[in-house]
Amino acid sequence: MTSPVDAPELAALRSLSARIGHSPHLIQAAGGNTSLKARDTLWIKASGAWLKDAVAEDIMVPVTMSPLLSAVESRDPAADEPQAFTNEALNPRRLRPSIETTVHALMPQRVVLHVHCVHTISLAVQADCEAEAARRLVDLRWAFVPYFRPGLPLALAIAERLRPGVDVLVLGNHGLVVAAETVAEAEILLRRVTMLLARPARPAPEPDIDALRALAGNSGYSLPADIEAHGAAIDPESCRMAEAGSLYPDHVIFLGPGSVVARPGEDVARVVERRGTAPMSILFSRIGVLMRGDAGASAHALQRCLADVTARVDAAAPLNYLTAAETDELINWDAEQYRQKLNGAA
């Protein structure tokens, strides 16, 4: 697929991608992406693919960078459809490149890692994110980018803030980007930044499994895949944050807008009756979480992500939530609908 000179580095990137893809604190479901530049070709993770599968499956897509960057520079809407810039001769599986291909192309370094690090997101949803990040990322070359929809809007925002030497981006309500000339250097930088941004989680009691099963009744709802997911409901501060709205894009894509919290005395049937629809997940305050029967692995992963993120947010900090317009933009975006389809999201 690539020249022999590039093949070892691409193999190293795939190995690193699989490792970080197995960490729920860095990657959830099909979120996040990695890339390697080889001359004018950008090898980037396919849309809808899971990084944890990077070694077992061929999930890297070749994109020709120069016309894509020209499209970004001219604010051409075509840049929002990176599949148009794919080198199909090197893409026999006809995979679509990540919706965030433009972000990777803009970074001048050869290797770019974009992760949905829960420590970073827990900071990136706070109104004081930039100031707090500045306190933690001393001596690093970094930039803060406020929330914009992934794709061309985010790429344009990054282009405005990118300065020579910047190799770390903290993306508001979104995640983290690190870049370097080699895979090994990128991994070291990722470890350093995530360590600097790490914050302890508020402890949460164990879920009441018997009570949850009683609340589910014959509804078809069941327990989440990870016991950690219950923290979003059991911890009062986390539950309050979750109920107030959507904090980051992948929550909207795989769980729907916001979080549904049952009222006192409600079981699943009553929640569904009140809302007129069956939400992907239901939070029962101080008890735990139930997932809809057809929830896929992506929904389960993002439910745990919600608990992991909110448990680390400063309970006293004002938060930035996605607006209704930003949420609608994600739901109705073709690129995200494609990713939903690949991941079995309802």
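Quick one: dipole size for the range 73-177, taken about the Cα centre, charges +1 on Lys/Arg Cβ and -1 on Asp/Glu Cβ, in debye to the nearest 20.
Dipole about the Cα centre, nearest 20: 240 debye.
Sorted by packing (mean other beta-carbon atoms within 10 Å per residue), highest first, where do 269-281, 307-319, 30-42 land?
Packing proxy ranking, top to bottom: 30-42, 307-319, 269-281.
How large, in percent, is the carbon and sulfur part of the accessible surface of the range 1-77 at a probe radius of 1.4 Å?
On the range 1-77, the fraction of accessible area on carbon and sulfur atoms equals 58 percent.
Hey, rough spin-label estimate for Asp314 and Asn218, points 7 angstrom out along Cα→Cβ, what's it come to in nanometres?
Modelled inter-label distance: 5.1 nm.
Per residue, what accessible area does the range 18-73 have, given a 1.4 Å probe and all protein chains present, in Å²?
Using a 1.4 Å probe on heavy atoms only, each residue of the range 18-73 averages 32 Å².
Of all accessible surface on the range 189-238 at a 1.4 Å probe, what whole percent is carbon and sulfur?
55
Please give the Cα centre distance for the range 222-259 versus the range 300-335, rounded to the nearest Å.
Centre-to-centre (Cα) distance: 8 Å.
For the range 93-98, take each phi angle, set θ = phi - 60°, evaluate the Karplus expression 6.51 cos²θ - 1.76 cosθ + 1.60, and give the result in whole Hz per residue in order, putting x for glycine and proline.
In residue order, the calculated couplings are 7, 6, 6, 8, x, 3 Hz.
Which chymotrypsin sites (Phe, Trp or Tyr not before Pro) in the range 98-155 sit in a loop by DSSP (not H, G, I, E or B) and have at most 10 other Cβ atoms within 10 Å of their own Cβ?
Answer in residue order: no site qualifies.
Heavy atoms only, 1.4 Å probe, whole protein assembly: order Asp294, Asp58 by accessible area, highest first.
Final ranking, largest accessible area leading: Asp294, Asp58.
How long is the gain from Asp208 to Arg161 if the chain were fully straight, where each residue apart is worth 0.36 nm and the alpha carbon distance is subtracted?
12.2 nm
Keeping every protein chain present and rolling a 1.4 Å probe, give me the accessible area per residue for the range 154-235 in Å².
Per residue, the range 154-235 has an accessible area of 45 Å².
Along the Cα→Cβ direction, 7 angstrom out, place labels at Val55 and Arg270. What is the inter-label distance in nm?
5.0
The values are calculated or read from the model by the stated rules, or taken from the named source; none is laboratory data. These numbers were taken from a predicted model, which means no experiment stands behind them. Cβ: placed from backbone, ideal geometry, glycine included. Neighbour counts: every protein chain shown. The accessibility values were calculated without ligands, DNA or RNA, using every heavy atom of the protein model including side chains. Shrake-Rupley method; radii C 1.70, N 1.55, O 1.52, S 1.80 Å.
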